[in-house]
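Coordinate-derived values only; no laboratory data. Because the structure is a prediction, the values reported are computed rather than measured. So basically every Cβ, Gly included, is an ideal-geometry build from the backbone, and we count neighbours across all protein chains shown.
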Number of protein chains: 2
Amino acid sequence: MIDAKEYLKKMSAELDGPIKSYIGNEEPPNLMDASKQYPYAGGKRMRPAMAVACCGAVGGDRSKAVPLAVAIEYIHNFTLIHDDLMDGDEKRRGMDTIHVNYGMPTAVLAGDALFAKAFQIICDLDIPAEKMREVLRYVSQSVWDLARGQQMDVNNEGQIVTEDVYIETIKLKTSVLFAAAAAGGAIIGDADDATVKAINEYALETGLGFQMYDDYLGVAGDSSKTGKSVGNDIRKGKCTCMITHAIRSIKDPAVLEEFKSILGNMDATDEQCARAKQILEEAGSIDYALNLAKEKVENAIAKISGLPEGEDKEFMIALARYAIDRDV
Amino acid sequence: MIDAKEYLKKMSAELDGPIKSYIGNEEPPNLMDASKQYPYAGGKRMRPAMAVACCGAVGGDRSKAVPLAVAIEYIHNFTLIHDDLMDGDEKRRGMDTIHVNYGMPTAVLAGDALFAKAFQIICDLDIPAEKMREVLRYVSQSVWDLARGQQMDVNNEGQIVTEDVYIETIKLKTSVLFAAAAAGGAIIGDADDATVKAINEYALETGLGFQMYDDYLGVAGDSSKTGKSVGNDIRKGKCTCMITHAIRSIKDPAVLEEFKSILGNMDATDEQCARAKQILEEAGSIDYALNLAKEKVENAIAKISGLPEGEDKEFMIALARYAIDRDV
C-alpha cells in the first residue's frame, strides 16, 4: 500500500529540478525572481505528480510528462499569485506574498509570465503535434474555467448559494486543473480516448474531494497545522457545502438566526466563531461535508478501475484518498 | 495607393463579428461582461488586420487567419486590462476601465480569461497541428515577452535609461505581439520559413516605429485628439528616445539641470511641461525620435520587398506608414 505523502515527497524531489529549470536569467531580474518564488518554494506538488503518474499508469514514458507537470505547476502558481493579490493575503508558505514583496504590478505580471511560460512548455512537449494539440485543448480550457471559478468564488463571498453552485464553483476553480494534468499525462502516455476520459473524470472527482476537504479543514482543521485561523472562513462568509447543508437543515429559527448573524460578520469574536462551528456540528453539517468528500473520492477511484494494476495506478488511488486525509 | 485608415475601418467591420463571437453567455455574467468590454469597444484593430493581411500576402486563405486575428486582439486587450489596473488609469476609449467598473479582482480575472480564450482559439485553428504548433510558439513567446517588456517599462519609470534599453523595452512590450500576429498569419497562409521570418521582422520594425510614434504623440501630439494630457509622460518621467537623446545632447548644464528638474516631477506645472517640450525641440530630440521611427518603418517595408505585389502587400506597406502618420 503506497503512502501518498511519502510518495509525493519522492516525486517532488524528482520534479524540483525540472520545475526550477524553465525560468532563466532573462531581463528584468525582479520579474524573474517574482515568477520563481512560489514554484521554487515547494508545495504539495499534487498536480504535477498526477500528470506524471497518469502517463505512467497508461504505460507511457513518464519522463515525457515531466514538462507538462512543470507547466501545470506554473499555472497553479500563476493562479495563487493572482488569488493572493485579489484576496489581499500577505503570507504563503511562510513567506511574504508576491504583491507584498514586489508590489501589485509585478504580482500581476509574474502571474501572466508563468501563464505564458506554461504554454511555451506545452508547445515544446516531446510528442507529435496532434497529441500536443489535445493536451493544449484540455489545458487552455482549464485556465478559462479557472478564471470563471475564481470569479464565482469572489461573487459567492458573503452570499448563501445552493450546493449545486458551490460544487460548480469548486469544480471550475480547482478540479479542472487537476483534470487537465491527469488527462494531459494520459494523452502523453498515448492512452486511447476512453481511457483519457476515465482519467479525466477520476481527477475531476478527486479535485472536488480535495477542495471539499480543504473547506472542511478551514472550519474543522487544526489551525496550528493548517496555518489558517479557524474563524477566517466563517467571518468571510465563505459558502461551502457545510454552510449550504446547515442553512437547509437547521430547524430552530432562533439557531438559524444566530448562525446567520455570525456568518460573514468580519467582526465576529472567536467565541462567536466557535459557536458557529458548534452549530455546524450539531446540524451534522461537518459530517455531511466530510462524507460528500469521501463519496467523490470513491467515485474517482471507481473511474480508474479499468487501468492495469501497477505502482502508478496504486499512487493514483492513494493520492485520491490523501486528498481527504491530510492535516494541511 | 491604399489609405490605411480607411482600409483598417473596412477590415474592422469584417473582424468585429468574429471578435464578438468567441465569448458566450457562460457563468458568471460579470466576468463575461468585463472580458468583452475592451475587445467589443473597438480600437484600431491593427494587430488583427496584420494577421489577416500577412496570410493573404503569402497567397493564403485569409479567412483561415481570422481566428488568429481574434486571439491576437484578445491578447492585446488582456494586456490593456492589466496595464490599466497597474497604471491606475481610469478611462479607456471613453469608458471607465475594467478595474473601475468591476473592481480589481475582476480586472485581474478578465485579463486572465481573455488570455486563456486566445489559446483556446489558437488550439482550434483550422490548419494542420504542425502548423498550429508553429503559430503557438510565436504567440506564447510573445506573451512571455510582453510581461517582461511591461515590467521593464514599470522599472524604467522615473529612471533615465539608455536608448538600447528603451528600444528593447518597446520591442518586448509592443513589437513582439505585432510580430506574432504577422508571423502567425504567414504560417497559416503556408509561407516558407524564410518568408515567415521576413514578415516577422517587418512587423517587429513596424511595432518599433509604432511605439516610438506613440511616445512622440505623448509629447508632441494634439492632446485634443490623443486624449492624453501633453504633460503626462513628462510628469511621469517616461523615458523615451526623445529623453535619452536630450540627455546626451543638451550641452548647457543649466538647461540640462532645468530639464531634469521637470522630468518625473508629478507636481510640474503646465508651463514647466511646455518648457520641457521646448527644450526637447531645441535639442532636436523630437525630430530625432520622429526620424528614428521613420527609419524603422522604412526598414520594415524593405523586409517584405520580396513578397508578390497585391492588395495585401500594399496594405502591409500602408499600415507600416500609418503607424507613424496618425493623430491618435
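Structure data summary
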{"quantity": "Ordering of A:218-228, B:127-137, B:105-115 by packing [mean C-beta count within 10 Å, highest first]", "calculated": "B:105-115, B:127-137, A:218-228"}
{"quantity": "Estimated FRET transfer efficiency when R0 is 41 angstrom, pair A:K236-B:N101 (beta carbons, to 0.05)", "calculated": "0.95"}
{"quantity": "Pairwise centroid distance, computed over Cα atoms, of region A:1-19 with region B:10-27, Å", "calculated": "45 Å"}
{"quantity": "Order of B:Y288, A:Y74 under a 10 Å beta carbon neighbour criterion, fewest first", "calculated": "B:Y288, A:Y74"}
{"quantity": "On Cα atoms only, tilt of B:46-57 relative to the major axis of chain B in degrees", "calculated": "50 degrees"}
{"quantity": "Calculated from backbone phi, Karplus (6.51, -1.76, 1.60) coupling profile of region A:305-310 in Hz, x at Gly/Pro", "calculated": "4, x, 5, x, 5, x"}
{"quantity": "Residue-averaged 222 nm ellipticity for chain B, from DSSP H runs of 4+ at -39500 (n - 2.57), nearest 500", "calculated": "-23000 deg cm²/dmol"}
{"quantity": "Relative contact order of region A:233-308, pairs being alpha-carbon contacts under 8 Å that are 6 or more residues apart, as %", "calculated": "39 percent"}
{"quantity": "Residues whose placed amide H lies under 5 Å from that of B:M95, excluding near-sequence neighbours", "calculated": "none"}
{"quantity": "14 Å reach of a label modelled at A:E314, 7 Å along Cα-to-Cβ, counting backbone N of region A:34-66", "calculated": "A:57"}
{"quantity": "Highest-MSF residue in chain A out of A:P48, A:P253, A:P308 [GNM, Cα springs under 10 Å]", "calculated": "A:P253"}
{"quantity": "Ascending count of other beta-carbon atoms within 10 Å, so fewest first, for A:Y40, B:Y322", "calculated": "A:Y40, B:Y322"}
{"quantity": "Cβ-derived FRET efficiency at R0 22 Å, A:R93 paired with A:S63, nearest 0.05", "calculated": "0.20"}
{"quantity": "Charged-residue dipole, Cβ positions (Lys, Arg, Asp, Glu), the protein assembly as shown about Cα centre, Debye nearest 20", "calculated": "180 debye"}
{"quantity": "Residue exposure sequence - A:K313, A:K91 - by fewest surrounding Cβ within 10 Å", "calculated": "A:K91, A:K313"}
{"quantity": "Modelled FRET efficiency - R0 30 Å, B:T162 with B:K228, Cβ distances, 0.05 increments", "calculated": "0.75"}
{"quantity": "Averaged over A:145-158, number of beta-carbon atoms from partner chains that fall within 10 Å", "calculated": "6"}
{"quantity": "Value of relative contact order over region B:4-322, rounded to a whole percent, pairs C-alpha under 8 Å and six or more apart", "calculated": "20 percent"}
